[in-house]
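What follows is a single structure, written as structure tokens, with notes after it.
Every number in this text was worked out from the coordinates using simple rules, so none of it is lab data. As the structure is a computational prediction, the values presented were derived from the model and not from experiment. Ideal geometry is used to build each Cβ from the backbone, glycine not excepted, and the neighbour counts take in all protein chains shown.
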Amino acid sequence: MKRKICNFLFILILAVSAKGQTQPPTPEHIPSYPYVKGYLSFIIPWITINKNETITEFEKATTIGFPVGLNIYYGPKFGFSFEITPSVQWSQQTDSVVKSKTSNLLIDPGPVFRFKHGFNIVARLAFETQGRYGFTPVFNKVYARTSDVDYWFSVSLPARFGNNLPASLGLNLQIGFTFN
């Protein structure tokens, strides 16, 4: 079952990345700066590595984050993003009872560097309610645009420190949409 879910996510990423390039905005849709856009998404931490262990998603538990954010664009190549991500974790206990809980709240602001064809790099700081902190480079691609919504996916590499735990590095997949 775990392998089927991983294969499905891999195929989904390939299908999303194979979708056609985005079209440049038409002259009547070029915004005046600064302007603000809000977004919703979900994020899955695929793997987390520290000096003691490697944790993969769906192995012992499943965690899904639900990022909500605002992007302020100051020009066609630069903006700033404010994101808050509550996370929910489901785990199978030995007594076959599935337990769920809110596991963390992440606050991660950062500058947005915008490039051609809907590609963005976001250099986020990270502050977690679990007592961890760090940074998260995010590589983001808009794969479809409509008049109301931009659809996108991101791959991020969270580095975390603190709370008397070993430093860790992870790999996440985020899929979302931005309101135009």
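Flag set for L105, criterion: more than 12 Å from the chain's Cα centre (by Cα) and among the aliphatic types (A, V, I, L, M). No other residue among F179, F153 is closer than 16 Å to V122 by Cβ, out of contact with any Ser or Thr (no Cβ under 7 Å at 6 or more places or on another chain) and touching a residue at least 12 places away in the same chain (Cβ under 8 Å) apart from F153. Among the residues of the range 117-166, write down those that are among the β-branched types (V, I, T) and part of a strand (DSSP E or B). Those that are among the β-branched types (V, I, T) and part of a strand (DSSP E or B): I121, V122, T136, V138, V142, V149, V155.
For the range 39-60, the candidate set comprises residues that are loosely packed, with under 11 Cβ neighbours inside 10 Å and either among the hydroxyl-bearing types (S, T, Y) or farther than 22 Å from S91 by Cα (or both); within that set, the residue that is farthest from the chain's Cα centre (by Cα) is K51.
Results for (1) surrounded by 15 or more Cβ atoms within 10 Å (Cβ to Cβ); (2) under 17 Å from L70 (Cβ atoms); (3) not hydrophobic (A, V, I, L, M, F, W, C), shown as yes or no for each residue.
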site	(1), (2), (3)
K101	no, no, yes
F135	yes, no, no
V138	yes, yes, no
R145	yes, no, yes
F161	no, no, no
